Structure formats: C-alpha cells, structure tokens
Amino acid sequence: MEIRKVGVVGLGTMGAGIAQVSVQSGFETVGREVSDELGKRGRGTIERYLNRAVEKGRLSAGERDAALGRLTLTTDLADLGDCDLVIEAALEELDLKREIFSELDRITRPDAVLATNTSALSVSEIAEATERPERVVGMHFFNPAPVLPLVEIVRARKSADDTVEAAYEWAERAGKKPVRCNDTPGFIVNRILIPLLNDCVRVLDEAGVQPEEMDKAMTNGAGWPMGPCALIDLIGVDVHVHASDALHGTLGEGRMAPPERLVRMRDEGLACIVATEASSTSRSASACRRPDATLASASSRATSRRAVRSERVSSVMRRIFGAPSDVPLTHRDESGARHRTGPYGTLRRLQRFVSRRSTSGRPREAAKLSEPAAKTFAPAGVS
Ligand SMILES: NC(=O)c1ccc[n+]([C@@H]2O[C@H](COP(=O)([O-])OP(=O)(O)OC[C@H]3O[C@@H](n4cnc5c(N)ncnc54)[C@H](O)[C@@H]3O)[C@@H](O)[C@H]2O)c1
C-alpha cells in the first residue's frame, strides 16, 4: 500500500515536528489538535521553522508555501478517516493513547497504518485497543523531529511484516534514517541513554561534582557533543523522570530508577539541573520553576520547557560574562528594524567574534568582552 496522506494526532513538540517532516516531504497531512488555538500554535511552530530555513537559504519561499499548503488542521479525529498513515503524538498516557487508537480503528480504513510515537509505553498494549493490532507499529522520532534523522520502527507483538515495512519505507521517503526493533522497554536509544544519564546524575552526588563540571568532563573526556546535565535540561527533568520510572517499572533494574535528586526536582517543579545548582542567581532558579509541573497544560509546559532551555544558556552566559551589558543583545535587520536575538544567536556571534580575533591576531571590540569571556571562547593557543 502506498502512503499518500498522513494524519498526525497532537501538534505539540513532537507532533508539530513530525507534521513538518511530512509536509516538507510532499505528503498531504492533517494535523489534529484538541482546540483551534493549539492547532494554530502547532502550525505557527512549523511556519517559524520553515521561515528560518528560507532565511538560511535551505528552502525556497515557494517550497515553504507549498509545504504549508499541504497541512490542514482539525479538532475532529474523524477528519483523519482517509489517511493512509496516522502518527499519534499525544501526551504519554496509556489510557489516553488507547482511547485515541480505539477511535482511529473505528474511523480509518482497515488497511491504514496506525503508529504511535510513544517513548516508553508498550506499543503492543496500545495496539490491543484496536481490532487490527497487525496494522499498528511504533514510530519513535527524536526531538527535534525535523532535525534528528533517527526513527525507531517498533514491531509490536502482533504487527504484520508489511505494516512494519510500510512505516519503514515512509520514514525513508520522508528523509529519515529508520531502524527496526522489537517492542522492548526503551526500544534502542532510551534503553541505553536513560540509565547512562541516571549514572551521571548519581555521580554528581557520589563524587561531589558540579553539573557544569560533569558536562565539561563528558564533553572533553568522552567526546559527547553535549554534557549529560545539559541534555537532561533539554529533555526536561519531568520527562526524564517519567521515562526512567517507566523503564524501571518494566525492567526493574536499579540503574533505570530516577535518581533521588531528579525526583526531588520534579516534585518541586524544578526543571533545570544546572540553574538549580547555581540558584544563587535567583532569576535562573525561578525561570526553572514550573508554575505547576503536574497540572500545567500541554502548551504551557512546552513554552516553559523552551524558557528553561533559553534561560539555562542565558544564565551560563551571565556567569561567564559577568553582566548582560557586556554582551550585545540586539541587532538591526536589513530594513533597519531592531531585534532582540535569543541567547543562542548571541552565543554564535560571540564565537564568531573570537574566531575573527584569533585569525586577525588582535582583539577587536575587546572592550566589550570581559576577561573570563575572552578566556572561555579563545581557541587553544590564543591568549
Ligand atoms: N519530547 C520529546 O523529547 C519526545 C521524544 C520522542 C517521543 N516523545 C513522545 O511523543 C509524545 C508527545 O510528546 P510531546 O513532547 O510532543 O508532548 P507535548 O506536551 O508537547 O504535546 C502533547 C500533545 O498531546 C495533546 N493532548 C493533550 N491532551 C490530549 C487529549 N486529551 N487528547 C488528545 N491529545 C491531547 C496536546 O494538545 C499536544 O498536542 C509522547 O508520547 C512522548 O513520550 C517525546
């Protein structure tokens, strides 16, 4: 069966990314959200990413418009009735997912492929909510879905071979690097990564290591592209604790259980290891405190996660540079309008500044950089 039309249930962090992958790869896509407002927000996220790709010359304006034209929004699950593949990316709750699959079973064609993006639940248990478990698979994308190539194609207990192959082929056509695996807890990457990250957090307390030092150790000593504490902050402490609990519940291994430090942070609504540790800067600590970690709506949790990531980078930069006034935070675009750049943009500009400084051999605008900043960003050999 050829997949032409795709449905995505939930346009949160993962669903919006998956819908973007789908429309960019040429598939008519229906995105279903629980309210019009959340639907528009999901579409806004996709539009923002596509606009950025146009600005960077990776996509033409025509391609962006065509991709957006392939996306339709709905709040009614029944509008996914003629989709060949439906990918569910709703909250990580078994009862909710089973309810959605039971409804999808009722409204879609019998040969449609139904996929779940669950990270830690059993795909087989979700599939059992339908009358056609042979047409159900896991399609585990990684965050951010438009950027990370891997998709784990998860074969549930009763998945038929042609269902697995249809999901695999679609992922390839969508430009991804799929791999097949069985429906075991954590699938491939999380099975390995979650206990590893938990070990790193335990070492913080056992060896008396500061989170930033831990990140420094693992990036410089093990070649990780990002430190474990920064990675947990990016994932979200609550999400990581939830995934650890799920793995521990099914596998029962001690290393899978979330470390006490993270459970405490989750219970206190803290979402950011590095800024919590450095909570002498009260702004960092409050930005890492979610107003209501357990009851917050999907959209406010996503917004809060973005704020935490952004605040984490800002707080690290504040500690490096001393005061925000040392860092130029605004720029003018071609029309002369003044924009505030995000901390990542600022960081990139500073890195460019330091590399120019290292090639020209003399510090430019040196007065704007504090001493510790220059040391931090100076490549080896440049004093
Ligand atoms: N965030 C990640 O890093 C990541 C990575 C891989 C897989 N996943 C999985 O993807 C799924 C979605 O995670 P997310 O991070 O995008 O979450 P999110 O909180 O950003 O989005 C959740 C979505 O669920 C929808 N939703 C909430 N209540 C609902 C209801 N009653 N009925 C239907 N939909 C409802 C929300 O509107 C939203 O679209 C989860 O299963 C998660 O485990 C997440």
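Looking at VAL54, is it hydrophobic (A, V, I, L, M, F, W, C), in contact with a Ser or Thr (Cβ under 9 Å, 6 or more places away or on another chain) and under 20 Å from ASP161 (Cβ atoms)? Step through it out loud before you land on a result.
Details: hydrophobic (A, V, I, L, M, F, W, C): yes; in contact with a Ser or Thr (Cβ under 9 Å, 6 or more places away or on another chain): yes; under 20 Å from ASP161 (Cβ atoms): no.
Judged against the criteria, VAL54 is not a match.
Taking the stretch 82-93, which residues are near the ligand (Cβ under 10 Å from one of its atoms) and not charged (D, E, K, R)?
Within the stretch 82-93, the first condition is being near the ligand (Cβ under 10 Å from one of its atoms), and the residues that meet it are 87-93.
Those that are near the ligand (Cβ under 10 Å from one of its atoms) and not charged (D, E, K, R): ILE87, ALA89, ALA90, LEU91.
Would you please list the contacts, defined by Cβ atoms under 7 Å and residues six or more apart or on different chains, that run from a residue in the stretch 203-221 that is closer than 19 Å to LEU234 by Cα to a residue that is acidic (Asp, Glu) and in a loop (DSSP other than H, G, I, E, B)?
none
Can you tell me which residue is farthest from the ligand (Cβ to nearest atom) among those in the stretch 182-193 that are farther than 20 Å from ILE235 by Cβ and surrounded by fewer than 17 Cβ atoms within 10 Å (Cβ to Cβ)?
Applying the filter and picking the extreme gives ASN182.
Which condition number in (1) over 17 Å from ALA115 (Cβ atoms); (2) within 10 Å of the ligand (Cβ to nearest atom) is the one that ALA16 fails?
(1)
Look at the stretch 263-278 and say how many of its residues are assigned to a helix (DSSP H, G or I) and within 16 Å of the ligand (Cβ to nearest atom). Working first, answer last.
Start the filter on the stretch 263-278 by keeping residues that are assigned to a helix (DSSP H, G or I), which leaves 263-267, 273-277.
From what is left, the residues that are within 16 Å of the ligand (Cβ to nearest atom) are 266.
Final tally of qualifying residues: 1.
Filter the stretch 94-127 down to residues that are touching a strand residue (DSSP E or B) at 6+ places or on another chain (Cβ under 9 Å), away from the ligand (no atom under 13 Å from the Cβ) and assigned to a loop (DSSP other than H, G, I, E, B), then give me how many there are.
Total satisfying the criteria: 2.
Go through the stretch 142-162 and report how many residues are assigned to a loop (DSSP other than H, G, I, E, B) and more than 10 Å from the ligand (Cβ to nearest atom). Steps first, please.
The first filter runs over the stretch 142-162 and keeps only residues assigned to a loop (DSSP other than H, G, I, E, B), leaving 142-149, 156-160.
Filter once more, so that each one left must be more than 10 Å from the ligand (Cβ to nearest atom): 146-147, 149, 156-160.
Within the stretch 142-162, residues that are assigned to a loop (DSSP other than H, G, I, E, B) and more than 10 Å from the ligand (Cβ to nearest atom) number 8.
Quickly run through the stretch 149-163 and pick out the residues that are of a type in the set (A, V, I, L, M) and crowded, with 21+ Cβ neighbours inside 10 Å. If you could, list the steps in order and put the result at the bottom.
The initial filter retains those residues of the stretch 149-163 that are of a type in the set (A, V, I, L, M), namely 150-151, 153-154, 156, 160.
Passing the criteria: VAL151, ILE153, VAL154, ALA156.
Is one or more of the residues making up the stretch 166-173 surrounded by 23 or more Cβ atoms within 10 Å (Cβ to Cβ), touching a strand residue (DSSP E or B) at 6+ places or on another chain (Cβ under 8 Å) and free of Cβ contacts under 8 Å to residues at least 60 places away in the same chain?
Taking the stretch 166-173 first, the residues surrounded by 23 or more Cβ atoms within 10 Å (Cβ to Cβ) are 166-167, 170-171.
Of the ones still in play, those that are also touching a strand residue (DSSP E or B) at 6+ places or on another chain (Cβ under 8 Å) are 166-167, 170-171.
From what is left, the residues that are free of Cβ contacts under 8 Å to residues at least 60 places away in the same chain are 171.
Within the stretch 166-173 (the criterion being surrounded by 23 or more Cβ atoms within 10 Å (Cβ to Cβ), touching a strand residue (DSSP E or B) at 6+ places or on another chain (Cβ under 8 Å) and free of Cβ contacts under 8 Å to residues at least 60 places away in the same chain), the answer is yes, since at least one residue qualifies.
Within the group VAL209, VAL137, which residue is outside any helix (DSSP H, G or I) and farther than 28 Å from GLY249 by Cβ? I'd like the intermediate steps shown before the answer.
Details: VAL137 fails: farther than 28 Å from GLY249 by Cβ.
Only one candidate qualifies: VAL209.
Suppose the filter is under 16 Å from GLY7 (Cβ atoms), touching a residue at least 60 places away in the same chain (Cβ under 8 Å) and not hydroxyl-bearing (Ser, Thr, Tyr); does GLN24 pass it? Before you say what the answer is, go through the steps one by one.
Values: under 16 Å from GLY7 (Cβ atoms): no; touching a residue at least 60 places away in the same chain (Cβ under 8 Å): yes; not hydroxyl-bearing (Ser, Thr, Tyr): yes.
Considered against the rule, which asks whether it is under 16 Å from GLY7 (Cβ atoms), touching a residue at least 60 places away in the same chain (Cβ under 8 Å) and not hydroxyl-bearing (Ser, Thr, Tyr), GLN24 comes out as no.
Picking from ARG52, ARG32, ARG41, ARG48, which residue would you name as being farther than 19 Å from PHE141 by Cα, basic (Lys, Arg) and within 13 Å of the ligand (Cβ to nearest atom)? Reasoning before the result, please.
Details: ARG52 fails: within 13 Å of the ligand (Cβ to nearest atom); ARG32 fails: farther than 19 Å from PHE141 by Cα; ARG48 fails: within 13 Å of the ligand (Cβ to nearest atom).
The conditions single out ARG41.
With the requirement that a residue be out of contact with any Cys (no Cβ under 8 Å at 6 or more places or on another chain) and either at pLDDT below 95 or within 16 Å of the ligand (Cβ to nearest atom) (or both), what does the stretch 1-13 give you? Spell out how you get there, then give the answer.
Taking the stretch 1-13 first, the residues out of contact with any Cys (no Cβ under 8 Å at 6 or more places or on another chain) are 1-4, 8-13.
The answer is MET1, GLU2, VAL8, VAL9, GLY10, LEU11, GLY12, THR13.
Here's a check for you: in the stretch 203-230, which residue that is under 21 Å from ASP267 (Cβ atoms) and surrounded by fewer than 23 Cβ atoms within 10 Å (Cβ to Cβ) is modelled with the lowest pLDDT?
ASP205
The values are calculated or read from the model by the stated rules, or taken from the named source; none is laboratory data. Only a predicted model underlies this, so the values are computations on that prediction, with no experimental measurement involved. Because the Cβ atoms are built from the backbone with ideal geometry, glycine has one as well, and the counts that use them run over all protein chains shown.
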